[in-house]
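> Pasting a structure here, questions to come.
The values are calculated or read from the model by the stated rules, or taken from the named source; none is laboratory data. Note that the coordinates shown come from a computational prediction; the quantities given were computed from them, not determined experimentally. Cβ: placed from backbone, ideal geometry, glycine included. Neighbour counts: every protein chain shown. Accessible surface areas use protein heavy atoms only, side chains included; no ligands, DNA or RNA. Shrake-Rupley method; radii C 1.70, N 1.55, O 1.52, S 1.80 Å.
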Amino acid sequence: MKNNILHIVFTLVFLVSCISERSEKDEDMAGGTRGMMSIEVLVDGADEHDYVHTARFITFDDVSVFPVIDINEVVAFDTKEQDAKKFGTTLEVSSNPDKMLVVVVNEPGTMTAALEAVTFPSELEDLIFQMGDAFNFNHTLPASSGLPMTGVKRKITVTEGNTTREKINLERGVARVELWLKKEDAVAFARLTNSFRVLLEKTYTGGYLVAGTEADGTRFQTGADVENNFGRMLIPASDYEYVGWFYGASNPLELDDTKQLICAFYTPERTCSAPGDVDKLVLDIIGLSTPDGLRDSRTILSEFSPEGGGNVQALTEIRRNNVYRIVGIVKEKTVQFEHTVIPWSDAGQGIIIDPQCFLRVSRDNLYISNDGKSVIITTETNYDRADRGFPKGIQLGTVSYYDKNGDLLAPSHVQSDWLQVAMSEVAGSLLQKLTFTVSGNLSSVDIGCYAVVEIKAGNLTKEVRVTRS
C-alpha cells in the first residue's frame, strides 16, 4: 500500500441475539436498533515508531443534520501485540444512515479526559496536543504512549440485517523533518564529532490532534462541499520553539559519497505562509569537522521538490504524514542542500538495522527529587547480534545534563554528574531493569534541571529524561 501506512477495515455485523438482549430503555437511549461493529486493523510496513499502544473508536449518528454521539471506547494493546500487522476488535453500535467514525491511535495521556468528554464532532476539531506530551524533550522520538495518529470516515450507512464494509486511512498527527549528509569526493574528509549538533528552528509547541483523512477527500475543502469539511489547519501565533540534536557517540562518524541519515525531528502540522519566510522551519548544522575547520551551515525550508523530480513547489504548509527530507552535500567550501517532500509511508526510517529489531522502554520521562531517591524502569530488545559493528543487547550511552532553562551544561559544571544509572544484568542482556538514582540535594532555584540518558541496542537509541523535582 502506497498512500498510508495504516489502514483500518471495519465490518458492521448485526446479531439478532445481541439486539434482543438489550432492554427497551437501552434501545430508547441509543435512538435505534443496535448492532455489532467488527473492526479489523491492518498495519502496512509499520516500524517501531508506528506501534499501536491504544486505539479509541468514536462514532456519531446523523452527522449531516445534528450529530449525536453513539460510542466512545478505547482498546489497549499488550506489548506483544503492538507491532502486529493485523488485529481487531468488536464494538456495539447503532444503525443509522448517516454515521461518522473517528479513530484516535496513541492518544497522549493528558488528552484522555478531553477525548472521553467529546459529544460533538466539532469538539474533536478543537483538540490540540502538546509536543511535550507526545514526544521527548527535543522532538526526536515519540513518548512511551506512541506516535499520535488519527483517521476520519464519513457518509457511512448502517442498516439492520446487512453487513457494511468500509476502509479508513490513518495519518500521523505530525510531519517528520530528516537531515541526511554526504560529501563530494573532492573533500578530503567530513566527519561528525562531539562538537556537531543540529538545530531545528521555528518548530511549534503543538498541533491539532484530529483532522479529516486525505484519502477521504474531506480535509480543508472550500466551496460547495464545505459542509463535509472536517479538521482545521493551525495558523501559528507566537509559540515557536527550537529543538536540538547532539552527536554523542564516542567515535567520529565519517561521511562519504553515500548519503547517511543523521537525525530526524517531529513537527506539528501548520501553515508557514507569512511574508519574508518569518514562520518557515530553519535547519542549522553546527560544528561539522572539515579540512578547513569546523563548518556551520543553515537552510530555510521555503521550497521542496516532490519525490522523483518535478517542479519545485513553494512551502506554505507543513502537512501531517509527510516527510520533509533535507540532504546536505558537503562541498569544498560550502554545504549545498536539497529538499524533497515524501509521503511518510514511502520514506522508511532508514536507521533500523533490521526491520524486526526493536528497543522498548517502559517509561521515558522520570521525576526524582533529592539525594538517594531512585526510579526503576524496564528495557527490552531483541537485538542479539554482534556482527554488524554494534555490541549485542542493551547498552548505556551518554548522559547529558541540562539546567532548568534547557541549556546543555559542560561536564565540569556544578549541576552535572548527579545521576547514576545501574543495570540489573550485565551489559548486553536483552532484558534490563534500569535504576536511576540521584545524589546530592538541590536548592529551590535549581529545581527543574534534568539529565538525558541514552539507552542503546544496535543503532537504535531511546532517550530517557530524568528531571529533578
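> To the nearest 10 square angstrom, how much accessible area does H413 have with a 1.4 angstrom probe?
Roughly 80 Å² of H413 is accessible to a 1.4 Å probe.
> With viscosity set to 1.567 mPa s at 4 °C, what whole-number translational diffusion coefficient in µm²/s follows for the range 378-455 from Stokes-Einstein and a Kirkwood radius over Cα pairs?
The calculation lands on 91 µm²/s.
> Follow-up question, since we're still on this one. For the range 368-469, which whole-number percentage of the solvent-accessible area (1.4 Å probe, protein heavy atoms only) is attributable to carbon and sulfur atoms?
50
> Give me the distance between the Cα centres of the range 421-444 and the range 451-465, rounded to whole Å.
Between the Cα centre of the range 421-444 and that of the range 451-465, the gap is 13 Å.
> Can you work out D for the range 284-336 in µm² s⁻¹ from Stokes-Einstein, where Rh is the Kirkwood radius over C-alpha pairs, the temperature is 4 °C and the viscosity is 1.567 mPa s?
98
> Take F436, F246, F337 and sort them by solvent-accessible surface of the protein heavy atoms, 1.4 Å probe, largest at the top.
My answer, sorted largest first, is F246, F337, F436.
> Run the numbers on the range 261-300 and let me know its relative contact order in percent, using alpha-carbon pairs under 8 Å that are six or more apart.
The value is 29 percent.
> Kirkwood hydrodynamic radius, computed over distinct alpha-carbon pairs, for the range 141-200: how many Å, to one decimal?
Result for the range 141-200, one decimal place: 17.5 Å.
> Here's a follow-up. For the peptides 55-66, 140-151, what is the packing order when you average, over each peptide's residues, the other Cβ atoms within 10 Å and list the highest mean first?
Final packing ranking: 140-151, 55-66.
> What figure in square angstrom, to the nearest 10, would you give for the accessible area of E116 with a 1.4 Å probe?
120
> Leaving out ligands, DNA and RNA but keeping every protein chain, what accessible area does R360 have, in Å² rounded to the nearest 10, with a 1.4 Å probe?
40
> Ranked by accessible surface with a 1.4 Å probe, highest first, in what order do E160, E125, E254, E92 come?
I get E160, E254, E92, E125, largest accessible area first.
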